[in-house]
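Visitor: Right, I'll just put the structure down here and ask away after.
The values are calculated or read from the model by the stated rules, or taken from the named source; none is laboratory data. Since this is a predicted model, take the numbers as computed values, not measurements. FYI the Cβ positions are ideal-geometry reconstructions off the backbone, even for glycines, and counts take in every protein chain you see. We work out accessible area using only protein heavy atoms, side chains counted, and drop any ligands, DNA or RNA first. Shrake-Rupley method; radii C 1.70, N 1.55, O 1.52, S 1.80 Å.
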Amino acid sequence: MNKNIYMDNAATTPMKKEVLDAMIPYYTEKFGNPSSIYAQGREAKKALDESRDKVARILGATDKEIFFTSGGSESDNWAIKGACYANKNKGNHIITTKIEHHAVLHACEYLERNGFDVTYLDVDEYGMIDIDDLKNAITDKTILITIMFANNEVGTIQPIKEIGKIAKDNDILFHTDAVQAVGNIRIDVEELNIDLLSLSAHKFYGPKGIGALYIKKGTKIHPYIHGGAQERNKRAGTENVASVVGLTKALELAYENLDEHNNKLKRLRDKLINDITKNISHTKLNGHPEKRLPGNVNISMKYIEGESLLLSLDMVNIAASSGSACTSGSLDPSHVLLAMGLSHGVAHGSLRLSLGDFNTEEEVDYVVENLIDIVARLRKMSPLFENVKEEE
Amino acid sequence: MYTEKVMEHFRNPRNVGEIEDADGVGEVGNAKCGDIMKIYLKIENGIIKDVKFKTFGCGSAIASSSMATELIKGKSIEEAMELTNKAVAEALDGLPAVKMHCSVLAEQAVKSALLDYSKKNNIVIEGLEDFNPDEDHHH
Ligand SMILES: Cc1ncc(COP(=O)(O)O)c(C=O)c1O
């Protein structure tokens, strides 16, 4: 196989042709500023309104509850800081988890330095929170619960409906970072009792640098970007119309083809998990066996280190990712894997392969074949593997 | 992010393996940090006749071990003692700043193997008096 095999769809996805086609006119002939009153402006405004309406409908929301942002990180930051500052007369306590994306964790840490208290819930070996821990963490000062819908590293899907119910019963705002869930899971914000939801287009075959925040009607939240009157006075800046159109097209395609997408990805995912764990000794699946994203495979390859694994995969044109420190830019391996109880050594050797709509069964076979050789080669070099038997 | 030289040593590492009746063995690093290097030496008449390594670690750790073994093979103990982490990094046409600790580890692994040799043979190697291989290598 001499083409590149991309199995890092949790990092970002390629844009679909239909999405790009839908966007192009909004860069050229339909370039107007939606705030202008003349024809080009009205044309752009119409596209923006229609997009908002479509996005709202897919999420079970209304158009007035959808706010476009520059992506997942902005949506997370806005939701958390905006809601906390707007509700600080009620309390100063936030509940989140140890496995959130850094956009959530670092926003919470920032608030901790500014007078807020944060509880970081533990997770079990599968990356799942304990509902009782959540209930026990609530105090009369709790104003926000922010828990991710599905984890970007290990794919574990949290019991969002239960969390939403608990938040509602206790009159606490509930934000969920659904960046990895949108496009993979059907979501109805009403049914799930979600007050704030973050999404990002580049995770579902849309453009980068565009996302949205769902804000339930009546939610008290401060604006994050101050300026003009765009986005109902809540998020200033001339709207990225072409990207909004792209986000919307990508979202529509994702939900039109959701069952097909899920069935295909789950089949490839389970084959990949099976073939790797059967053919390579000392491997362990990370994350929940069932409650996991359809395209997520995360496996620890004991006795080897993740970066050398990724470099070796790259040499045979396979793009993947790892929880190793060497790839995270810090000295510690993935905070998610550590929170799940993996030792540092094992966490350094984790491999994430995230499947997408463009992957094939042939590619899965190619990856497994190559992985077998690569792991054998790296283990032969590893001093940790000396006294370990192949079979266990 | 890596130089062609690093990648070349990563793809084709020199001197991988073990020496069964090694005269000196040194192991440094730990799995927590993500790098462990083990170096085996065969020494005859003060000359490093053979050297092998095993490494658990990232691309630059493997390349640094490979380069370090190449730089000391056939050299005298005194020459091997002069091997610095800078020399290893330079021979690889440079390492990214965050990966310099890999070259430090390679230097320490060599010294640690030489220390083992000196202890087994009851000799003193100049420069190893204060060397402590268990000291945490700095990142
Ligand atoms: C769970 C999660 N949250 C937030 C983000 C950030 O999204 P963006 O890259 O659009 O800022 C990502 C993607 O990296 C993610 O996976």
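Visitor: If you go through region B:23-49 one residue at a time, how many are open to solvent by less than 30 Å² (accessible area, probe 1.4 Å) and either in a strand (DSSP E or B) or in contact (Cβ under 8 Å) with a residue 40 or more places away in the chain (or both)?
Guide: Residues that pass the stated criteria total 11.
Visitor: Next question, about the same structure. Which ones in region A:95-115 are open to solvent by 10 Å² or more (accessible area, probe 1.4 Å) and not in a helix (DSSP H, G or I)?
Guide: Listed by number, the residues that qualify are A:Lys98, A:His101, A:Arg113, A:Asn114, A:Gly115.
Visitor: While we're looking at this one, here's another question. I'd like the full set of residues that are farther than 18 Å from A:His101 by Cα and either within 14 Å of chain B (Cβ to nearest Cβ) or within 12 Å of the ligand (Cβ to nearest atom) (or both), limited to region A:200-215.
Guide: Residues satisfying the conditions are A:Gly206, A:Pro207.
Visitor: Same structure, new question: Determine which single condition B:Ile62 fails, assuming it passes every other condition in (1) more than 14 Å from every other protein chain (Cβ to nearest Cβ); (2) open to solvent by less than 10 Å² (accessible area, probe 1.4 Å).
Guide: Status for B:Ile62: all satisfied but (1).
Visitor: Just wondering, is there one or more residues in region A:81-94 that are surrounded by 22 or more Cβ atoms within 10 Å (Cβ to Cβ), in the same structural domain as A:Ile129 (by TED's automatic domain parsing) and small (Gly, Ala, Ser)?
Guide: yes
Visitor: Then there is this: Return yes or no: is A:Asn170 in the same structural domain as A:Pro25 (by TED's automatic domain parsing) and within 16 Å of the ligand (Cβ to nearest atom)?
Guide: No; evaluated as a whole, the condition is false for this residue.
Visitor: If you go through region B:65-76 one residue at a time, how many are part of a helix (DSSP H, G or I), in contact with a strand residue (DSSP E or B) (Cβ under 9 Å, 6 or more places away or on another chain) and more than 10 Å from chain A (Cβ to nearest Cβ)?
Guide: Residues flagged as part of a helix (DSSP H, G or I), in contact with a strand residue (DSSP E or B) (Cβ under 9 Å, 6 or more places away or on another chain) and more than 10 Å from chain A (Cβ to nearest Cβ) within region B:65-76 amount to 4.
Visitor: Looking only at region A:28-54, count how many residues are within 22 Å of A:Lys203 (Cα to Cα) and part of a loop (DSSP other than H, G, I, E, B).
Guide: Selection size over region A:28-54: 0.
Visitor: Does A:Tyr205 satisfy the criteria of being assigned to a loop (DSSP other than H, G, I, E, B) and open to solvent by less than 70 Å² (accessible area, probe 1.4 Å)?
Guide: Considered against the rule, which asks whether it is assigned to a loop (DSSP other than H, G, I, E, B) and open to solvent by less than 70 Å² (accessible area, probe 1.4 Å), A:Tyr205 comes out as yes.
Visitor: Residue under question is A:Leu197, and the condition is that it be of a type outside the set (S, T, N, Q), under 12 Å from the mean Cα position of the chain (by Cα) and either within 14 Å of the ligand (Cβ to nearest atom) or assigned to a loop (DSSP other than H, G, I, E, B) (or both); does it hold?
Guide: yes
Visitor: Out of the residues in region A:283-306 that are open to solvent by 10 Å² or more (accessible area, probe 1.4 Å) and more than 21 Å from the chain's Cα centre (by Cα), which is nearest to the other protein chains (Cβ to nearest Cβ)?
Guide: A:Tyr303
Visitor: Moving to a separate point now. Out of the residues in region A:307-348 that are touching an Asp or Glu at 6+ places or on another chain (Cβ under 6 Å) and at the interface with chain B (Cβ under 9 Å from one of its Cβ atoms), which is modelled with the highest pLDDT?
Guide: A:His348
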